[in-house]
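Q: Please see the structure below; I have some questions.
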Amino acid sequence: MKIKKIGMLLALTLWSISTFAQSVEPEILQAVIGQNIAVTGEKVWFFVEAKDKNGKSGSNIGYAELVSRNGIPLFQTIFQLSNGEAQGYLDIPSQIDSDHYLVRFYTRISPLLSTNGVWNQFITVINPKSQQRKITQNQVQNRYQFKQPSTDGNLDSAKPNSKLNLVEAWTEQPVLLKSALVNPFLPNNAKGYIGGEIYDALPSDYPLIPEPFGHVVYAKNLQESQNPSETFYLSAHGEKSFLNSAKAKPNGDLFFELGAMKDYRFLIVQSNQAESPMSFALQSPFVPLSLKSDFHFPPFVVEESQKEFLLDLVTASKVTAAYYPKQTLENFPIVVGFDEDRIYRLDDYTRFETFEVTLREYVPEVMVRRQNKKALLKVLNKPLGTVFNENPLVLLDGMPVFDIDALIEFDPVKIESMEIMAREFLFNHEKFDGVINIHSFKNDFGGFELPPNAIYLNYPLIQQPTTLVSPQVNSSLGTARFPDFRNLLHWEIDPNKPSAVFTSEVEGKYELTQVLRDSDGRLKLVQEEFEVKN
């Protein structure tokens, strides 16, 4: 088969979620966040690892949420895992109140299989535009114990805008080195992290949805009885396009696996029963975790004496981007096989005003016919030298087109090319009499209107892989004309050797955290404290 890079990715095989789930190993979630105090509108960096007890990764996708004391997720993001690891960031919403919030990470399957499958940590958020309030309810002592990093004494104090040398050699495999401002609002018994024991059990009928290859879109067909002939098509659209299909299970469950497609902007769902209304309900990809009633958030209190600290914190949040520019890493190119028999590039021919005329004039593999006043397209069966009886699979930038009347009247001025497969084509559950694969210049359907029976889905996006350009970028250290108000002093993944930490002008107590991997493959946090002061 000839291999080509093309703008449309077809899912040529399906794997059974229920069958695959039988062999899934429970995953252990471990994570580190850059800081546990932030200002609204700020980005908080994270490192996540999801692996089973053997150190193997079973998931390709991870999930992060910022949860209020009422148990409501106020920010959610999907991120990519590579060999079970990911680096990304949380966007702290600009409209939330000052308070403590819970940051949690998990994969699609991890909360269902083990209490070690959810990683949680408190973070304090300050909103400078809202009145600082006291939240003193729920002062009951938590029966849930947060696991604390081990301590290794204290470092010497350092002056602002100075270099703090780390002379100790790594005793175990280094994973991450970070240094951030100490959070004075969070009580010590609420620092550290905790697992999934703080959540109620999920409903027994909640599906286990492994994601070893990519994201799986979960939906429901709400019809009381499922039509076995009905097929749902989900197309994902971005710089490239992707198509998959699914038939509803007896309970109405629909699963669409997106595979390598991770940079879509929107999704479109259609049914091959074009004349019947769809009863389609998209399900949230985020696991509906519910906090136990006896799990309590710590009280939140701001004192007048902390005003100067808060002003420094807000100033730091405004200039963070200047010190920590993020860098987006490119996804691997999608390379797929699509064995077309003929490619037509429309600019090589005379441009005609409709698709019908275009097909009739110079595409001999496709014939336009009419039956009961409806347009039909018939594709040549090249191996047999005959003409197929049924309509082919017609795709426009990866979106199936069932309304042939609308297509043949469409002006192809913004269409770049057509690929014709003049042979039988098997796609998941369906068999098609050939394929007509149409590409616009900008992968935007070329102005073709969305079919009336299609559903446009503004679906949560997958965060693109990102990293910090460097741990510190203040090349004019100590220069008055270049003020430095960082509160995250250092964030370095896979440090090769002990590094130097550069302090900023923000005085106060800081934590230096070494994230190491022990002999069992687990992450171990070792923390030291130092003070920045004149």
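Q: Modelled with pLDDT under 95 and either within 27 Å of the chain's Cα centre (by Cα) or of a type in the set (Val, Ile, Thr) (or both): does that describe residue 455?
A: For residue 455, the condition - modelled with pLDDT under 95 and either within 27 Å of the chain's Cα centre (by Cα) or of a type in the set (Val, Ile, Thr) (or both) - is met.
Q: Something else now. crowded, with 17+ Cβ neighbours inside 10 Å, polar (S, T, N, Q) and modelled with pLDDT under 85: which single residue out of 121, 141, 137, 132 fits that description?
A: After ruling out the rest, the residue left standing is 132.
Q: Out of curiosity, is residue 160 open to solvent by less than 40 Å² (accessible area, probe 1.4 Å), under 30 Å from residue 24 (Cα atoms) and of a type outside the set (Val, Ile, Thr)? Show your work before the answer.
A: On the way: open to solvent by less than 40 Å² (accessible area, probe 1.4 Å): yes; under 30 Å from residue 24 (Cα atoms): no; of a type outside the set (Val, Ile, Thr): yes.
The answer is no for residue 160.
Q: Kindly indicate which of 98, 82, 68 is buried (at least 20 other Cβ atoms within 10 Å of the Cβ) and of a type in the set (S, T, N, Q). Outline the logic, then answer.
A: Working: 82 fails: buried (at least 20 other Cβ atoms within 10 Å of the Cβ); 68 fails: buried (at least 20 other Cβ atoms within 10 Å of the Cβ).
Exactly one residue qualifies, and that residue is 98.
Q: Does residue 73 fit the bill of being closer than 26 Å to residue 489 by Cα, surrounded by fewer than 19 Cβ atoms within 10 Å (Cβ to Cβ) and in contact with a strand residue (DSSP E or B) (Cβ under 7 Å, 6 or more places away or on another chain)? Full working, then the answer.
A: Details: closer than 26 Å to residue 489 by Cα: no; surrounded by fewer than 19 Cβ atoms within 10 Å (Cβ to Cβ): yes; in contact with a strand residue (DSSP E or B) (Cβ under 7 Å, 6 or more places away or on another chain): yes.
Considered against the rule, which asks whether it is closer than 26 Å to residue 489 by Cα, surrounded by fewer than 19 Cβ atoms within 10 Å (Cβ to Cβ) and in contact with a strand residue (DSSP E or B) (Cβ under 7 Å, 6 or more places away or on another chain), residue 73 comes out as no.
Q: Select from the stretch 317-355 the residues that are modelled with pLDDT of 85 or more and assigned to a helix (DSSP H, G or I) and write down the one among them that is farthest from residue 40 (Cα to Cα).
A: Of everything passing the filter in the stretch 317-355, 348 is farthest from residue 40 (Cα to Cα).
Q: Right, next: Hey, does the stretch 388-403 have a residue that's over 22 Å from residue 443 (Cβ atoms), open to solvent by less than 30 Å² (accessible area, probe 1.4 Å) and in contact (Cβ under 8 Å) with a residue 40 or more places away in the chain?
A: Within the stretch 388-403 (the criterion being over 22 Å from residue 443 (Cβ atoms), open to solvent by less than 30 Å² (accessible area, probe 1.4 Å) and in contact (Cβ under 8 Å) with a residue 40 or more places away in the chain), the answer is yes, since at least one residue qualifies.
Q: So, of the residues in the stretch 458-499 that are open to solvent by 20 Å² or more (accessible area, probe 1.4 Å) and among the basic types (Lys, Arg), which turns out to be modelled with the lowest pLDDT? Give the derivation first.
A: Filtering the stretch 458-499 down to residues open to solvent by 20 Å² or more (accessible area, probe 1.4 Å) leaves 458, 460-461, 463-465, 467, 469-483, 485, 492-494, 496-499.
When the remaining residues are screened for being among the basic types (Lys, Arg), the result is 481, 497.
Numbers: 481: 60, 497: 68.
Ranking the qualifying residues of the stretch 458-499, first place goes to 481.
Q: Moving to a separate point now. Give me the pairs: first residue in the stretch 178-202 and more than 13 Å from residue 292 (Cα to Cα), second residue surrounded by fewer than 19 Cβ atoms within 10 Å (Cβ to Cβ) and of a type in the set (A, V, I, L, M, F, W, C), beta-carbon distance under 6 Å, and six or more apart or on different chains, which are they?
A: Taking only residues 6 or more apart or on different chains, the pairs are 192/146; 194/146.
Q: Could you say whether any residue in the stretch 271-280 is of a type in the set (A, V, I, L, M, F, W, C) and under 20 Å from the mean Cα position of the chain (by Cα)?
A: Initial filter on the stretch 271-280 (of a type in the set (A, V, I, L, M, F, W, C)): 274, 278, 280.
When the remaining residues are screened for being under 20 Å from the mean Cα position of the chain (by Cα), the result is none.
No, there is no match, as no residue in the stretch 271-280 is of a type in the set (A, V, I, L, M, F, W, C) and under 20 Å from the mean Cα position of the chain (by Cα).
The values are calculated or read from the model by the stated rules, or taken from the named source; none is laboratory data. Quick caveat: nothing in here was measured; it's all calculated off a predicted structure. Glycine gets a Cβ as well: all are built from the backbone with ideal geometry, and neighbour counts include every protein chain shown. Side chains included, ligands, DNA and RNA excluded: accessible areas come from the protein's heavy atoms. Shrake-Rupley method; radii C 1.70, N 1.55, O 1.52, S 1.80 Å.
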